[in-house]
Amino acid sequence: MTKSKTKPKYTLFTGKALLFLILPIVIEQIFSTSLGLFDSMMISNIPEIGENASNAVGNVDYMNNLIIQLFSAFCTGGAIITSQLIGAGDIETANKSAKQMLFLVLVMSVCIGGLCLALNWPLLKLFYSEVTPTVFGYQQTYFYVTAASFPFIGLFNACAALLRVQRKSFFTMVSAAISCILNIGLNALFLFVLNMGVIGVGLATLICRGIPAVFMLILLSNKKNTVCVRIFEKFRFDGKMIKKILKLAIPAGIESCLFQLGKLMTNTFVNAGCYANGEFAKEVIDELGNVKHINVQANGNTIANQINNIASVVGGGVGTSCLTVIGQAVGAGDIKQCKHYMKKMFLLSYIMNGICCGIILATVPWIVNLYGFGVEAKEIGKQCLYFCLFFQLVTYPLSFTTPAILKATSDVKYVMYCAVISMFVMRVGLAFLMTTDKIPGLPRLGAMGYWIGMCSDWVLRSVLFLSRLLSGRWKKSSGLLKDPPPEPEADSVPVIALDGAADLPEPEIIEDKEDNDVQADV
């Protein structure tokens, strides 16, 4: 009589536990992403400086996002190790990993912040040499103030990553909510009451990044946490642990930074001078009778990018959650459990991404009208959004949840190589061909060319990452090279053939170290 196979029940993360982990992370990322959105949206409604200042804020946010992604990637390296150690039950080593990661990110963020303050003009000139002097001046002011907040961004990301791997994502959500609400209030005060313009928007962002960072550090120092980092505890540099973190962090950092660099480069195509003064430009006359050229393509692209960032937070939130879920499953050493949660995370990613994209698609006309741009720019923003959101419904979970799963298994090098290839071939290469006027005969599609390149990048990423996951090669990086042997059934009895000496195993000599007796085990 054969027994029917019962489906194993995995309890590392129950459905309720997954919900309480993922939902706060998604809400947190919505709040965090909204900082730049509200900055650009609110300042666009200021008379005289609105469109130029909003374009400047949007351009600098591309650069700021590159830095933020670098910090997040380095935090990812520490979070993967800490999560796997928690899954394996090695809490002492997990605490050591957390301290080293926090130290590493703090030092790096201070250095990068200082470097950006010192190289403000050259960096902006490198990427935005074609913008008008007015826009460039606004960019310099906003970049000076926001670069001073980089140490706080690094601290926040490090603490948030360490709290998430302990399933305490609710605290990171509350902190991000406080930051967002405070940012809106301070923007209103500095812009509409004190008339501080771009510097007011920058100061609001600086304050709103500093307060949550300190709050998160206090939360992480709580002794009740599984992983606790004491603020005033003596710190010892552990080169071996730093090396382990960097082994994961550097490929993840290169991948994230080059991805954001690709977005920055393609944005410069739309901001090129040919669009500011050529066929895509709009002439307006200010109050003094001066003729100005408004880059409607750049303004429309700013609208589409900032709203699409909100639509993308669900995929990003599920991806961030994978570091905790898949990381702990890998640490537990059960490959079947890893596969179970991989499927579950994919399902959740598609459901949540579909809901978010549906809501954005339904509310696009209303959201776009919150900007103070002209009708032409708003229409361009709508067209780009409709195009990319339909692609996002299908490709985004595959192109971003899949690499997050691979990273959680420590397969970071493959993710880096594929992401860089896809970004340069599709996002940068194709977008350049669709927007440039340097090659005769090619279509000049303006902002839409940017989004064609981006959506093509999502498609290629999906193919490359999904094929890797299905091949099973990620098991080598994670240490799970093969499925564990099936457990014997409780009522089964071993049968030994007795009809020939050849069927018997050779005796194995086992020496007992305590009493030195020698036993023969047949």
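What follows is calculated from the coordinates using simple rules that are stated; it is not laboratory data. None of these values were measured; they are calculated from a predicted model. Cβ: placed from backbone, ideal geometry, glycine included. Neighbour counts: every protein chain shown.
What is segment 103-245 by shape, rounded, prolate or oblate, if you read a ≥ b ≥ c off the alpha carbon gyration tensor as root eigenvalues and call it rounded for a/c under 1.5, prolate for a/b larger than b/c, and oblate otherwise?
Judged from the Cα gyration tensor, segment 103-245 comes out oblate (a/c at least 1.5, b/c at or above a/b).
To the nearest 0.05, what FRET efficiency results for Glu379 and Val425 with a Förster distance of 30 Å applied to their C-beta separation?
The formula returns an efficiency of 0.50 here.
What length, rounded to one decimal in nm, is gained on full extension from Lys438 through to Glu92, with 0.36 nm per residue of separation minus their alpha-carbon distance?
118.7 nm
In debye to the nearest 20, how big a dipole does segment 396-481 give about its Cα centre with +1 on each Lys and Arg Cβ and -1 on each Asp and Glu Cβ?
300
Name the trypsin sites (Lys or Arg not before Pro) in segment 188-232 that are in a loop by DSSP and that have at most 14 other C-beta atoms within 10 Å, would you?
Listed in order of number, the matching sites are Lys223, Lys224, Arg230.
Label points 7 Å out from Cα along the Cβ direction at Lys344 and Arg230: separation in nm?
Result: 3.5 nm between the two label points.
Starting from 0.36 nm per residue, how many nanometres of slack lie between Ile178 and Val214 once their C-alpha separation is accounted for?
Taking Ile178 through Val214 to full extension adds about 11.7 nm, to one decimal.
Under 1.5 on a/c is rounded, so check that first for segment 152-192, then, if it is not, pick prolate when a/b is larger than b/c and oblate when it is not; a ≥ b ≥ c are the square roots of the alpha carbon gyration tensor eigenvalues.
Oblate, because a/c is 1.5 or more while a/b does not exceed b/c.
Efficiency by 1/(1 + (r/R0)^6): what FRET value for Asp238 and Ser467, r their Cβ-Cβ distance, R0 = 41 Å, to the nearest 0.05?
Between Asp238 and Ser467 the formula returns 0.65.
To the nearest 0.05, how large is the calculated FRET efficiency for Leu370 and Val107 if R₀ is 60 Å and r is the Cβ-Cβ distance?
Given R0 = 60 Å and the Cβ-Cβ separation, E is 0.90.
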